[in-house]
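*Asks:* Can you read through this structure? Questions will come right after.
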Amino acid sequence: MATKIIYFTVNGRPEQAEFPVDCPAQDVKAEAGPHDILKLYNPKGNIINISPSLEPNSQNSCYKLEVVASDCNSEPLGVELAGALGFDLSSMEKRLQGLEKKILIEAGETPAVVYEMKKQVDSFREKLEWEDAEIMVLLQVMYTDLDFIAIYNIEPEVLQQFLFEVYRRYNNIPFHNFKHCFCVTQMMYGLIWLTDLRSKMDSIDLLIMLTSAVCHDLDHTGYNNAYQINARTELALRYNDISPLENHHCAVAFEILEETESNIFRNVSMDQYKRIREGIIKCILATDMTRHNEILNKFKSILSAFDFTNKDHRDVLMMILIKVSDISNEARPMDVAEPWLDCLLQEFYNQSDVEKLEGLPVTPFMDRDKITKPSSQTGFIRFVLLPLFIELANLFPCLEQHIIDPVRKALDYYTEMEKALEREKQNRAQSENAAKSKETSASTQSTAESQAEAGCEASKPDAQ
(Lines give C-alpha, C1' and ligand atoms only; values in the text may rest on other atoms or scores of the structure.)
Protein backbone atom coordinates (compact mmCIF):
# COMPACT_ATOMS: atom_id res chain seq x y z
CA MET A 1 0.00 0.00 0.00
CA ALA A 2 1.41 3.40 -1.01
CA THR A 3 2.09 5.73 1.92
CA LYS A 4 3.52 9.18 2.39
CA ILE A 5 5.39 10.81 5.24
CA ILE A 6 4.62 14.30 6.47
CA TYR A 7 7.20 16.17 8.55
CA PHE A 8 5.99 18.86 10.93
CA THR A 9 6.78 20.60 14.20
CA VAL A 10 4.64 20.99 17.34
CA ASN A 11 5.85 23.74 19.70
CA GLY A 12 9.22 23.56 17.96
CA ARG A 13 9.47 19.79 18.47
CA PRO A 14 10.02 17.81 15.22
CA GLU A 15 7.46 15.09 14.50
CA GLN A 16 6.49 12.94 11.53
CA ALA A 17 3.37 11.06 10.44
CA GLU A 18 2.98 8.28 7.90
CA PHE A 19 -0.39 7.36 6.40
CA PRO A 20 -1.83 5.72 3.25
CA VAL A 21 -2.41 8.14 0.37
CA ASP A 22 -6.09 7.13 0.18
CA CYS A 23 -6.95 7.18 3.90
CA PRO A 24 -10.07 9.05 5.09
CA ALA A 25 -9.66 12.62 6.26
CA GLN A 26 -10.59 11.80 9.85
CA ASP A 27 -7.77 9.23 10.01
CA VAL A 28 -5.23 11.93 9.19
CA LYS A 29 -6.24 13.64 12.45
CA ALA A 30 -6.56 10.37 14.40
CA GLU A 31 -3.96 11.35 16.98
CA ALA A 32 -5.92 14.48 17.89
CA GLY A 33 -8.93 14.44 20.16
CA PRO A 34 -12.44 14.57 18.64
CA HIS A 35 -12.89 18.17 19.79
CA ASP A 36 -9.36 19.42 19.13
CA ILE A 37 -9.07 22.35 16.74
CA LEU A 38 -5.84 22.30 14.75
CA LYS A 39 -4.09 24.67 12.36
CA LEU A 40 -1.40 23.56 9.94
CA TYR A 41 0.97 26.08 8.31
CA ASN A 42 3.21 25.52 5.29
CA PRO A 43 6.82 26.84 5.35
CA LYS A 44 5.58 30.19 3.97
CA GLY A 45 3.29 30.64 6.97
CA ASN A 46 0.00 30.07 5.12
CA ILE A 47 -2.76 27.95 6.69
CA ILE A 48 -3.34 24.73 4.76
CA ASN A 49 -6.01 22.07 5.07
CA ILE A 50 -5.26 18.89 7.02
CA SER A 51 -6.35 16.23 4.56
CA PRO A 52 -5.09 13.19 2.63
CA SER A 53 -4.11 15.55 -0.21
CA LEU A 54 -1.27 17.05 1.86
CA GLU A 55 1.88 17.29 -0.22
CA PRO A 56 4.77 15.11 1.07
CA ASN A 57 7.65 17.20 2.34
CA SER A 58 11.15 16.85 3.77
CA GLN A 59 12.70 17.51 7.16
CA ASN A 60 14.08 20.75 5.74
CA SER A 61 10.61 22.04 4.80
CA CYS A 62 8.55 21.08 7.84
CA TYR A 63 4.95 22.06 8.27
CA LYS A 64 4.05 23.74 11.55
CA LEU A 65 1.15 22.25 13.53
CA GLU A 66 -0.61 24.42 16.08
CA VAL A 67 -3.19 23.11 18.55
CA VAL A 68 -5.64 26.02 18.77
CA ALA A 69 -7.84 24.23 21.30
CA SER A 70 -7.55 20.77 22.79
CA ASP A 71 -9.89 18.51 24.68
CA CYS A 72 -10.50 20.21 28.02
CA ASN A 73 -10.21 16.89 29.86
CA SER A 74 -6.46 16.99 29.24
CA GLU A 75 -3.92 18.43 31.67
CA PRO A 76 -2.91 21.10 32.27
CA LEU A 77 -5.25 23.02 29.92
CA GLY A 78 -8.45 21.93 31.64
CA VAL A 79 -7.16 22.92 35.07
CA GLU A 80 -5.86 26.31 33.90
CA LEU A 81 -9.08 27.22 32.15
CA ALA A 82 -11.22 25.94 35.00
CA GLY A 83 -9.34 28.27 37.34
CA ALA A 84 -9.69 31.21 34.97
CA LEU A 85 -13.37 30.65 34.29
CA GLY A 86 -14.62 29.78 37.73
CA PHE A 87 -16.19 26.47 36.74
CA ASP A 88 -15.05 23.06 35.57
CA LEU A 89 -14.62 23.39 31.82
CA SER A 90 -13.89 19.68 31.46
CA SER A 91 -17.35 19.02 32.87
CA MET A 92 -18.84 21.32 30.26
CA GLU A 93 -16.89 19.51 27.53
CA LYS A 94 -18.21 16.14 28.75
CA ARG A 95 -21.74 17.51 28.71
CA LEU A 96 -21.27 18.71 25.15
CA GLN A 97 -20.01 15.33 24.04
CA GLY A 98 -22.82 13.51 25.83
CA LEU A 99 -25.37 15.91 24.40
CA GLU A 100 -24.14 15.38 20.85
CA LYS A 101 -24.44 11.61 21.25
CA LYS A 102 -27.85 11.83 22.87
CA ILE A 103 -29.30 14.11 20.21
CA LEU A 104 -27.95 11.92 17.43
CA ILE A 105 -29.81 8.98 18.95
CA GLU A 106 -32.97 10.68 20.17
CA ALA A 107 -34.75 13.25 18.02
CA GLY A 108 -36.91 14.41 20.88
CA GLU A 109 -37.01 17.55 22.99
CA THR A 110 -33.81 19.44 23.66
CA PRO A 111 -32.36 17.91 26.84
CA ALA A 112 -32.43 20.01 30.00
CA VAL A 113 -28.65 19.81 30.10
CA VAL A 114 -28.59 22.34 27.24
CA TYR A 115 -30.21 24.98 29.38
CA GLU A 116 -27.86 24.23 32.24
CA MET A 117 -24.96 24.53 29.82
CA LYS A 118 -26.27 27.90 28.61
CA LYS A 119 -26.03 29.23 32.18
CA GLN A 120 -22.43 28.14 32.33
CA VAL A 121 -21.76 29.76 28.97
CA ASP A 122 -23.27 33.01 30.28
CA SER A 123 -20.91 32.83 33.24
CA PHE A 124 -18.00 32.19 30.88
CA ARG A 125 -18.89 35.20 28.74
CA GLU A 126 -18.93 37.50 31.77
CA LYS A 127 -15.50 36.47 32.97
CA LEU A 128 -13.39 36.04 29.87
CA GLU A 129 -13.09 37.45 26.39
CA TRP A 130 -13.64 34.55 24.01
CA GLU A 131 -10.81 33.35 21.79
CA ASP A 132 -11.44 32.12 18.25
CA ALA A 133 -11.34 28.43 19.21
CA GLU A 134 -13.83 28.99 22.02
CA ILE A 135 -16.08 30.92 19.66
CA MET A 136 -16.18 27.87 17.39
CA VAL A 137 -17.33 25.76 20.33
CA LEU A 138 -20.11 28.28 21.04
CA LEU A 139 -21.23 28.15 17.40
CA GLN A 140 -21.46 24.36 17.70
CA VAL A 141 -23.60 24.83 20.82
CA MET A 142 -26.00 27.05 18.85
CA TYR A 143 -26.48 24.41 16.14
CA THR A 144 -26.97 21.79 18.85
CA ASP A 145 -29.30 23.89 20.95
CA LEU A 146 -31.63 24.56 18.01
CA ASP A 147 -31.79 20.79 17.29
CA PHE A 148 -30.20 21.13 13.83
CA ILE A 149 -27.75 18.30 14.51
CA ALA A 150 -30.58 15.87 15.23
CA ILE A 151 -33.10 17.07 12.63
CA TYR A 152 -30.68 17.31 9.70
CA ASN A 153 -28.29 14.55 10.75
CA ILE A 154 -25.28 16.86 10.90
CA GLU A 155 -22.26 14.88 12.08
CA PRO A 156 -20.34 16.78 14.81
CA GLU A 157 -17.00 16.36 13.03
CA VAL A 158 -18.49 17.76 9.81
CA LEU A 159 -19.90 20.76 11.68
CA GLN A 160 -16.48 21.33 13.26
CA GLN A 161 -14.78 21.16 9.86
CA PHE A 162 -17.36 23.51 8.34
CA LEU A 163 -16.80 26.07 11.11
CA PHE A 164 -13.04 25.74 10.79
CA GLU A 165 -13.22 26.38 7.02
CA VAL A 166 -15.43 29.40 7.73
CA TYR A 167 -12.90 30.63 10.30
CA ARG A 168 -10.04 30.29 7.80
CA ARG A 169 -11.88 32.44 5.26
CA TYR A 170 -12.50 35.42 7.49
CA ASN A 171 -9.65 37.89 7.09
CA ASN A 172 -7.68 39.58 9.84
CA ILE A 173 -9.13 43.06 9.33
CA PRO A 174 -10.38 45.56 11.93
CA PHE A 175 -14.15 44.96 11.74
CA HIS A 176 -15.44 42.41 9.21
CA ASN A 177 -13.60 39.52 10.83
CA PHE A 178 -14.46 36.20 12.50
CA LYS A 179 -15.52 37.84 15.76
CA HIS A 180 -17.98 40.02 13.83
CA CYS A 181 -19.30 36.81 12.24
CA PHE A 182 -19.85 35.43 15.74
CA CYS A 183 -21.58 38.59 17.01
CA VAL A 184 -24.03 38.54 14.12
CA THR A 185 -24.70 34.82 14.56
CA GLN A 186 -25.15 35.20 18.30
CA MET A 187 -27.68 37.99 17.73
CA MET A 188 -29.57 35.84 15.22
CA TYR A 189 -29.57 32.96 17.71
CA GLY A 190 -30.87 35.28 20.42
CA LEU A 191 -33.63 36.68 18.19
CA ILE A 192 -34.79 33.16 17.30
CA TRP A 193 -35.24 32.36 21.00
CA LEU A 194 -36.62 35.75 22.08
CA THR A 195 -39.34 35.75 19.40
CA ASP A 196 -40.14 32.04 19.78
CA LEU A 197 -39.60 31.50 16.06
CA ARG A 198 -39.31 27.74 16.62
CA SER A 199 -43.08 27.64 17.06
CA LYS A 200 -43.79 29.97 14.13
CA MET A 201 -41.43 28.91 11.33
CA ASP A 202 -40.03 25.69 9.90
CA SER A 203 -36.72 24.60 11.41
CA ILE A 204 -35.18 24.66 7.93
CA ASP A 205 -35.77 28.44 7.79
CA LEU A 206 -34.04 28.82 11.16
CA LEU A 207 -31.13 26.73 9.86
CA ILE A 208 -30.94 28.99 6.80
CA MET A 209 -30.84 32.14 8.94
CA LEU A 210 -28.22 30.89 11.39
CA THR A 211 -25.96 29.58 8.61
CA SER A 212 -26.42 32.80 6.63
CA ALA A 213 -25.27 34.75 9.67
CA VAL A 214 -22.18 32.54 9.99
CA CYS A 215 -21.28 33.03 6.31
CA HIS A 216 -22.54 36.56 5.64
CA ASP A 217 -19.13 38.31 5.40
CA LEU A 218 -16.82 35.49 4.27
CA ASP A 219 -13.54 36.75 2.77
CA HIS A 220 -14.49 40.42 3.29
CA THR A 221 -11.56 42.59 2.19
CA GLY A 222 -12.32 45.60 4.37
CA TYR A 223 -13.36 47.74 1.37
CA ASN A 224 -17.06 48.21 0.63
CA ASN A 225 -19.00 47.84 -2.61
CA ALA A 226 -18.57 51.50 -3.57
CA TYR A 227 -14.80 51.03 -3.53
CA GLN A 228 -15.03 47.71 -5.40
CA ILE A 229 -17.07 49.37 -8.17
CA ASN A 230 -15.08 52.61 -8.39
CA ALA A 231 -11.74 50.76 -8.35
CA ARG A 232 -13.05 48.22 -10.90
CA THR A 233 -11.82 45.35 -8.78
CA GLU A 234 -11.98 41.72 -9.85
CA LEU A 235 -15.12 41.23 -7.71
CA ALA A 236 -16.88 44.20 -9.31
CA LEU A 237 -16.03 42.93 -12.79
CA ARG A 238 -17.08 39.38 -11.95
CA TYR A 239 -20.48 40.39 -10.57
CA ASN A 240 -21.15 43.32 -12.95
CA ASP A 241 -21.20 45.88 -10.11
CA ILE A 242 -24.23 44.12 -8.54
CA SER A 243 -23.58 43.57 -4.80
CA PRO A 244 -20.04 42.32 -5.53
CA LEU A 245 -19.13 41.64 -1.89
CA GLU A 246 -22.38 39.88 -0.96
CA ASN A 247 -22.24 37.73 -4.09
CA HIS A 248 -18.67 36.82 -3.19
CA HIS A 249 -19.62 35.91 0.40
CA CYS A 250 -22.28 33.54 -0.99
CA ALA A 251 -19.87 31.98 -3.47
CA VAL A 252 -17.24 31.31 -0.79
CA ALA A 253 -19.89 29.78 1.49
CA PHE A 254 -20.95 27.29 -1.16
CA GLU A 255 -17.35 26.52 -2.08
CA ILE A 256 -16.96 25.33 1.52
CA LEU A 257 -20.21 23.36 1.30
CA GLU A 258 -19.12 21.70 -1.94
CA GLU A 259 -16.45 19.80 0.00
CA THR A 260 -17.93 16.60 1.46
CA GLU A 261 -15.97 16.82 4.72
CA SER A 262 -17.33 20.32 5.46
CA ASN A 263 -20.81 20.01 3.93
CA ILE A 264 -23.19 20.22 6.90
CA PHE A 265 -26.10 19.71 4.48
CA ARG A 266 -24.82 16.50 2.93
CA ASN A 267 -27.53 14.38 4.57
CA VAL A 268 -30.54 16.48 3.56
CA SER A 269 -32.75 15.70 0.55
CA MET A 270 -32.27 17.39 -2.83
CA ASP A 271 -35.39 19.50 -2.31
CA GLN A 272 -34.23 20.58 1.14
CA TYR A 273 -30.79 21.51 -0.20
CA LYS A 274 -32.35 23.55 -2.98
CA ARG A 275 -34.44 25.44 -0.43
CA ILE A 276 -31.44 25.97 1.85
CA ARG A 277 -29.26 27.29 -0.98
CA GLU A 278 -31.96 29.63 -2.23
CA GLY A 279 -32.59 30.92 1.29
CA ILE A 280 -28.93 31.51 2.17
CA ILE A 281 -28.34 33.42 -1.06
CA LYS A 282 -31.43 35.55 -0.45
CA CYS A 283 -30.41 36.33 3.15
CA ILE A 284 -26.77 37.18 2.45
CA LEU A 285 -27.64 39.38 -0.55
CA ALA A 286 -30.08 41.26 1.72
CA THR A 287 -27.13 42.54 3.80
CA ASP A 288 -26.15 44.93 0.98
CA MET A 289 -27.07 48.28 2.56
CA THR A 290 -27.94 49.78 -0.84
CA ARG A 291 -31.06 47.58 -0.66
CA HIS A 292 -31.98 48.75 2.84
CA ASN A 293 -34.97 50.96 1.96
CA GLU A 294 -36.29 48.47 -0.59
CA ILE A 295 -36.38 45.61 1.94
CA LEU A 296 -37.65 47.74 4.84
CA ASN A 297 -40.48 49.23 2.74
CA LYS A 298 -41.50 45.75 1.60
CA PHE A 299 -41.64 44.60 5.23
CA LYS A 300 -43.68 47.64 6.27
CA SER A 301 -46.18 46.99 3.46
CA ILE A 302 -47.00 43.47 4.73
CA LEU A 303 -46.66 44.10 8.47
CA SER A 304 -50.31 44.85 9.24
CA ALA A 305 -51.41 41.55 7.66
CA PHE A 306 -48.28 39.48 8.34
CA ASP A 307 -48.91 35.76 7.92
CA PHE A 308 -46.35 33.18 9.01
CA THR A 309 -47.92 30.64 6.62
CA ASN A 310 -47.19 32.92 3.66
CA LYS A 311 -43.77 32.06 2.14
CA ASP A 312 -43.27 35.55 0.68
CA HIS A 313 -43.90 37.06 4.11
CA ARG A 314 -41.46 34.65 5.77
CA ASP A 315 -38.80 35.41 3.16
CA VAL A 316 -39.02 39.14 3.85
CA LEU A 317 -38.90 38.52 7.62
CA MET A 318 -35.77 36.39 7.20
CA MET A 319 -34.09 39.22 5.30
CA ILE A 320 -35.11 41.70 8.01
CA LEU A 321 -33.76 39.44 10.77
CA ILE A 322 -30.33 39.07 9.18
CA LYS A 323 -30.20 42.81 8.52
CA VAL A 324 -31.01 43.52 12.17
CA SER A 325 -28.40 40.98 13.30
CA ASP A 326 -25.76 42.43 10.97
CA ILE A 327 -26.02 45.99 12.32
CA SER A 328 -26.97 45.19 15.90
CA ASN A 329 -23.83 46.29 17.75
CA GLU A 330 -25.52 49.36 19.24
CA ALA A 331 -28.09 47.06 20.89
CA ARG A 332 -25.27 45.64 23.00
CA PRO A 333 -23.89 47.15 26.22
CA MET A 334 -21.88 50.30 25.53
CA ASP A 335 -18.63 48.77 26.79
CA VAL A 336 -19.05 46.15 24.04
CA ALA A 337 -20.54 48.35 21.32
CA GLU A 338 -18.12 51.29 21.44
CA PRO A 339 -14.91 49.28 20.83
CA TRP A 340 -16.65 47.72 17.81
CA LEU A 341 -17.40 51.22 16.51
CA ASP A 342 -13.71 52.09 16.88
CA CYS A 343 -12.86 49.02 14.77
CA LEU A 344 -15.42 49.99 12.13
CA LEU A 345 -14.11 53.56 11.93
CA GLN A 346 -10.58 52.22 11.53
CA GLU A 347 -11.75 50.20 8.53
CA PHE A 348 -13.65 53.21 7.14
CA TYR A 349 -10.63 55.50 7.51
CA ASN A 350 -8.38 52.94 5.85
CA GLN A 351 -10.71 52.87 2.84
CA SER A 352 -11.00 56.65 2.51
CA ASP A 353 -7.20 56.97 2.75
CA VAL A 354 -6.80 54.49 -0.10
CA GLU A 355 -9.50 56.24 -2.14
CA LYS A 356 -7.60 59.53 -1.81
CA LEU A 357 -4.31 57.90 -2.77
CA GLU A 358 -5.86 56.23 -5.83
CA GLY A 359 -7.77 59.32 -6.95
CA LEU A 360 -11.17 57.65 -6.45
CA PRO A 361 -14.36 59.28 -5.14
CA VAL A 362 -14.03 59.44 -1.35
CA THR A 363 -16.92 57.82 0.51
CA PRO A 364 -18.26 60.75 2.61
CA PHE A 365 -19.11 58.83 5.79
CA MET A 366 -15.62 57.29 5.82
CA ASP A 367 -13.55 60.46 5.45
CA ARG A 368 -11.45 60.94 8.58
CA ASP A 369 -11.26 64.68 7.81
CA LYS A 370 -15.04 65.11 7.87
CA ILE A 371 -16.57 62.72 10.41
CA THR A 372 -16.14 61.99 14.09
CA LYS A 373 -17.16 59.03 16.18
CA PRO A 374 -20.43 60.60 17.42
CA SER A 375 -21.35 62.19 14.08
CA SER A 376 -20.94 58.82 12.39
CA GLN A 377 -23.46 57.25 14.77
CA THR A 378 -26.18 59.80 15.49
CA GLY A 379 -27.46 59.89 11.91
CA PHE A 380 -27.02 56.15 11.42
CA ILE A 381 -28.96 55.32 14.59
CA ARG A 382 -31.68 57.91 13.93
CA PHE A 383 -32.31 57.17 10.25
CA VAL A 384 -31.25 53.51 9.80
CA LEU A 385 -31.16 51.52 13.04
CA LEU A 386 -34.22 52.80 14.89
CA PRO A 387 -36.64 52.72 11.90
CA LEU A 388 -35.57 49.13 11.16
CA PHE A 389 -35.66 47.92 14.77
CA ILE A 390 -38.99 49.61 15.49
CA GLU A 391 -40.69 47.85 12.54
CA LEU A 392 -39.38 44.47 13.73
CA ALA A 393 -40.62 45.24 17.25
CA ASN A 394 -44.04 46.06 15.78
CA LEU A 395 -44.23 42.38 14.82
CA PHE A 396 -42.50 41.18 18.01
CA PRO A 397 -43.25 43.66 20.85
CA CYS A 398 -41.07 41.63 23.23
CA LEU A 399 -38.00 43.00 21.42
CA GLU A 400 -38.59 46.57 22.60
CA GLN A 401 -36.50 46.20 25.76
CA HIS A 402 -33.83 44.08 24.09
CA ILE A 403 -32.96 46.05 20.96
CA ILE A 404 -34.79 49.39 20.93
CA ASP A 405 -34.20 50.68 24.47
CA PRO A 406 -30.40 50.09 24.25
CA VAL A 407 -30.23 51.77 20.83
CA ARG A 408 -32.09 54.83 22.15
CA LYS A 409 -29.59 55.01 25.01
CA ALA A 410 -26.77 54.77 22.48
CA LEU A 411 -28.29 57.65 20.51
CA ASP A 412 -28.41 59.77 23.69
CA TYR A 413 -24.81 58.81 24.48
CA TYR A 414 -23.45 59.82 21.08
CA THR A 415 -25.63 62.95 20.93
CA GLU A 416 -24.10 64.14 24.21
CA MET A 417 -20.64 63.24 22.94
CA GLU A 418 -21.28 65.23 19.76
CA LYS A 419 -22.43 68.25 21.79
CA ALA A 420 -19.35 67.98 24.01
CA LEU A 421 -17.08 67.91 20.96
CA GLU A 422 -18.90 70.90 19.49
CA ARG A 423 -18.47 72.85 22.75
CA GLU A 424 -14.81 71.91 22.83
CA LYS A 425 -14.46 73.05 19.22
CA GLN A 426 -16.14 76.40 20.01
CA ASN A 427 -13.98 76.92 23.10
CA ARG A 428 -10.87 76.15 21.08
CA ALA A 429 -11.96 78.59 18.38
CA GLN A 430 -12.63 81.30 20.96
CA SER A 431 -9.22 80.73 22.56
CA GLU A 432 -7.53 80.90 19.18
CA ASN A 433 -9.40 84.08 18.28
CA ALA A 434 -8.49 85.64 21.62
CA ALA A 435 -4.86 84.72 21.10
CA LYS A 436 -4.91 86.18 17.58
CA SER A 437 -6.60 89.33 18.86
CA LYS A 438 -3.97 89.68 21.55
CA GLU A 439 -1.20 89.19 18.99
CA THR A 440 -2.80 91.75 16.68
CA SER A 441 -3.17 94.25 19.52
CA ALA A 442 0.42 93.74 20.58
CA SER A 443 1.57 94.09 16.99
CA THR A 444 -0.46 97.29 16.54
CA GLN A 445 0.94 98.78 19.76
CA SER A 446 4.47 97.87 18.72
CA THR A 447 3.95 99.47 15.32
CA ALA A 448 2.55 102.64 16.93
CA GLU A 449 5.49 102.87 19.31
CA SER A 450 7.93 102.41 16.43
CA GLN A 451 6.22 105.14 14.44
CA ALA A 452 6.24 107.48 17.45
CA GLU A 453 9.95 106.90 17.97
CA ALA A 454 10.60 107.55 14.29
CA GLY A 455 8.61 110.81 14.53
CA CYS A 456 10.65 111.98 17.48
CA GLU A 457 13.88 111.31 15.68
CA ALA A 458 12.67 113.20 12.63
CA SER A 459 11.67 116.26 14.73
CA LYS A 460 15.16 116.73 16.28
CA PRO A 461 17.18 119.67 14.77
CA ASP A 462 20.09 118.73 12.56
CA ALA A 463 23.39 118.74 14.29
CA GLN A 464 25.38 121.91 13.56
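*Asks:* Mean separation of Cα pairs under 8 Å and 6+ residues apart, divided by the residue count of region 207-278: what relative contact order is that in percent? Please report the intermediate quantities before stating the final value.
*Replies:* Numbers: 45 pairs, mean separation 20.2, N = 72.
This gives 28 percent for region 207-278.
*Asks:* Same structure again: Could you check how many percent of all C-alpha pairs in region 298-383 are farther apart than 15 Å? Write out the running numbers ahead of the final one.
*Replies:* Numbers: 2519 of 3655 pairs.
Here the tail beyond 15 Å accounts for 69 percent of pairs.
*Asks:* Could you order Ser199, Ser212 by accessible surface area, starting with the largest, using a probe radius of 1.4 Å? Before the final figure, lay out each step's value.
*Replies:* On the way: Ser199 80, Ser212 0 Å².
So the residues, ranked largest to smallest area, are Ser199, Ser212.
*Asks:* Could you tell me what percent of the accessible area of region 137-255 is made up of carbon and sulfur, with a 1.4 Å probe and every protein chain present? Please list the in-between numbers first.
*Replies:* Details: 1810 of 3740 Å².
The C+S portion of the solvent-accessible surface of region 137-255 is 49 percent.
*Asks:* Related question: For region 264-419, compute Rh as the Kirkwood radius over C-alpha pairs and then the Stokes-Einstein diffusion coefficient at 4 °C and 1.567 mPa s; write the answer in µm²/s, rounded to an integer.
*Replies:* Details: Rh = 17.7 Å.
This corresponds to a translational diffusion coefficient of 73 µm²/s.
*Asks:* Taking a probe of 1.4 Å, how large is the accessible area per residue of region 271-395, in Å²?
*Replies:* Values: 5740 Å² over 125 residues.
It amounts to 46 Å² per residue over region 271-395.
*Asks:* Another question, then. Starting from the residue with the highest accessible area, list Tyr152, Tyr239 in decreasing order, probe 1.4 Å.
*Replies:* Values: Tyr152 15, Tyr239 45 Å².
Ranking Tyr152, Tyr239 by accessible area, largest first, yields Tyr239, Tyr152.
*Asks:* Express the carbon and sulfur contribution to the solvent-accessible surface of region 272-329 as a percent, rounded to the nearest whole number, probe 1.4 angstrom. Present the calculation step by step, with values, prior to reporting the outcome.
*Replies:* Details: 1290 of 2540 Å².
Here it works out to 51 percent.
*Asks:* Continuing with this model, one more query. Quick one: divide the alpha-carbon radius of gyration of region 350-447 by 2.2 N^0.38 Å and tell me what you get.
*Replies:* Details: Rg = 21.4 Å, N = 98, 2.2 N^0.38 = 12.6 Å.
So region 350-447 has a normalised radius of gyration of 1.71.
The values are calculated or read from the model by the stated rules, or taken from the named source; none is laboratory data. Note that the structure is a prediction, hence the values are computed from the model and not measured. Protein only, heavy atoms only, side chains kept; ligands, DNA and RNA dropped before computing areas. Shrake-Rupley method; radii C 1.70, N 1.55, O 1.52, S 1.80 Å.
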